[in-house]
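Worksheet: the structure to be examined is printed underneath.
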Amino acid sequence: MLKKVILNKWVYGIFFRGTAIVGTITALFFSTSSYAGTASRVVFGTNWFAEAQQGGYYQAEAKGIYKKFGLDVSIDKNGPGINGQQLLVAGKYQFYMSSALDNLVATAHGLPLVTVATIFQKSPTCIYAHTWAKTPEDLTRATQILVSSNEIHSWWPWAMTKFGYKSSQRGVYTGSVAPFVADEQRAQQGYAGSEGFMIAKEGIKFNMFVLADYGYPEYAETIETTRAMIKDHPEVVKKFIEATMLGWRSYLNDPGPGDKLIMRANPRQSPAQLAYGFSSMIKDKMLVGPATNKYGFGTMTNKRWKAIFDVAVKNGLVPAGMDYQKSYTLKFIRLVHVGVK
């Protein structure tokens, strides 16, 4: 039951080696979870348009897995510039597709968000470059590196520190590859298995630098919820995680049912592009790793979260003294254990 709505202004400042990142976001915050009505109703918000990298969710819907767990799940897709964490806190979503770094930043500023599972063990986050750039460091000579507003507080500070990029190089990525195609001096953010298909269709050769291959420890496409949801509806949290992981295992075995729903949700997706994204996830082993062999799909570890926190501190995203373990819990994913095989 909703008790009170508070109009709040989220003002934050992050300082690192004399550089300040300051933003002001106005949002509606609910004092308690807005999860109301029947316990089966769930709205899950994605952080991007429907694509193969979200296949497990659509598969769980297509195969009736969510329904078998007593869940009525709606998938709400988003694009660049949408702040899904605000929508989660405001109660429009019960779960949101986020990332570990985004969650750490949110926790540092008092948002009651908790990561309960991750889809990708290896983040598909990458930089697409024209072939003159043989290494990520070569892009210090690029006129622009296009980065969305959602990412300027996640991997972009890490990349500036790691590769020597300048803040003045940052251009705005809006979801289109057209600016990259039009100017060989530009680079852009992307997801391995997504934008590369569209770039190749334009006849452009490119190099792709997957940030995880250079030490970026991020958990990507995490499942995020609120502390109130965990407290008031722990059974729904567990069911949603388990059904989603079963959806992913099913999708990796036969993506057909999920792909049909993805194309319905995003008509720009073609069978060829979905196959490209699917094969990229398999080839690069995005969803599996040493921890999944032991604990199953979606698992996380304290050690990995500490590494992500250390990156966030080093790049001035969060204070060193914060209690970063408030950002996540292993409780639910360790109970689920959907085996990789």
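The values are calculated or read from the model by the stated rules, or taken from the named source; none is laboratory data. Values in this document were obtained by computation on a predicted structure and should not be read as measured data. Using ideal geometry, Cβ is built from the backbone for each residue, glycine included, and neighbour counts are taken over all protein chains shown. All accessible areas refer to the heavy atoms of the entire protein, side chains included, with ligands and DNA or RNA removed. Shrake-Rupley method; radii C 1.70, N 1.55, O 1.52, S 1.80 Å.
Descriptive notes on the structure:
- Using a cutoff of 8 angstrom between alpha carbon atoms and counting only pairs six or more residues apart, the relative contact order for region 144-187 works out to 56 percent.
- For Ile65, the shell of other residues with beta-carbons less than 12 Å away shows a net charge of +3, using +1 for Lys and Arg and -1 for Asp and Glu.
- Selected from Thr174, Ser250, Leu261, residue furthest toward positive end of dipole (the chain; charges at beta carbon): Ser250
- Thr135, Thr329, reordered so the largest accessible area comes first (probe 1.4 Å): Thr135, Thr329
- 1.4 Å probe accessible area per residue over the chain, in Å²: 43
- Cleavage-rule hits, trypsin sites (Lys or Arg not before Pro), region 64-131, DSSP coil, Cβ neighbours within 10 Å at most 16: Lys92
- The chain - percent relative contact order, Cα under 8 Å, separation 6 or more: 27
- Alpha-carbon centroids, region 118-146 and region 285-341: separation in whole Å: 24
- Surface/4 estimate of mean projected area, convex hull on alpha-carbon atoms of the chain, nm²: 16.2
- Dividing the convex hull volume of the alpha carbon atoms of region 88-219 by its residue count gives 119 Å³ per residue.
- Where trypsin sites (Lys or Arg not before Pro) fall in DSSP loop in region 156-220, at most 13 other Cβ within 10 Å: Lys166, Lys205
- Where both bridge residues fall in the chain, DSSP classifies roughly 70% of the beta bridges as antiparallel.
- Overall form of region 287-341: prolate. Here a/c, set by the Cα gyration tensor axes a ≥ b ≥ c, is 1.5 or more, and a/b is the larger of a/b and b/c.
- On the principal axes of its alpha-carbon atoms, region 169-271 has extents of 51, 33, 24 Å, going from largest to smallest.
- Computed with every protein chain present, the accessible area of Thr174 is close to 90 Å² [probe 1.4 Å].
- Given +1 at the Cβ of Lys and Arg, -1 at the Cβ of Asp and Glu and no other charges, the dipole of region 179-299 around its Cα centre is 300 debye to the nearest 20.
- Bridges between two residues of region 111-270, per DSSP, are antiparallel at a rate of about 70%.
- Computed over protein heavy atoms with a 1.4 angstrom probe, the accessible surface ordering of Trp156, Trp48, largest first, is Trp48, Trp156.
- Over region 62-115, the reciprocal of the mean inverse Cα-Cα separation, the Kirkwood hydrodynamic radius, stands at 12.7 Å.
- Using Cβ point charges alone (K and R +1, D and E -1), the dipole size of region 260-341 about the Cα centre works out to roughly 240 debye.
- Remark: the chain carries a charge dipole of roughly 700 debye about the Cα centre, counting +1 on each Lys and Arg Cβ and -1 on each Asp and Glu Cβ.
- For Ala307, neighbours were defined as the other residues whose beta-carbon sits under 12 Å from its Cβ, and their charges (Lys and Arg +1, Asp and Glu -1) total +2.
- The convex hull built on the alpha-carbon positions of region 236-314 has an orientation-averaged projected area of 7.4 nm².
- Contour minus Cα-Cα distance for Ala307 and Lys92 (0.36 nm per residue): 74.3 nm
- Neighbourhood charge, 13 Å Cβ-Cβ cut-off, centred on Lys205 and excluding it, Lys, Arg +1 and Asp, Glu -1: 0
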